[in-house]
Amino acid sequence: MIATDGRLVGAGLKILSMINDDLGEPAPTEFHNLKSKIQNGIALLETCRGI
């Protein structure tokens, strides 16, 4: 299950990256907050997996 979650989180970051390209800089604060939460989720998953 965690491996699947990791792939979903990675896909989420890719989608956010594509949205960021469309928004340009500076991106809205809400975007950066969401990106930060996803990155924190990846770190948590990696910790749980012992990577």
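Search region 1-17 for residues that are surrounded by 13 or more Cβ atoms within 10 Å (Cβ to Cβ) and pair each with any residue that is at pLDDT below 70 when their beta-carbon atoms are under 9 Å apart and the residues are at least 6 apart or on different chains.
Short answer, once both residue conditions are applied: 6/49.
Residue check: is residue 27 outside any helix (DSSP H, G or I), of a type outside the set (Phe, Trp, Tyr) and at pLDDT below 75? First the steps, then the outcome.
Values: outside any helix (DSSP H, G or I): yes; of a type outside the set (Phe, Trp, Tyr): yes; at pLDDT below 75: yes.
For residue 27, the condition - outside any helix (DSSP H, G or I), of a type outside the set (Phe, Trp, Tyr) and at pLDDT below 75 - is met.
The values are calculated or read from the model by the stated rules, or taken from the named source; none is laboratory data. Just so it is clear, the model here is predicted, and its values are computed rather than measured. Note that we place each Cβ from the backbone using ideal geometry, even for glycine, and neighbour counts take in every protein chain shown.
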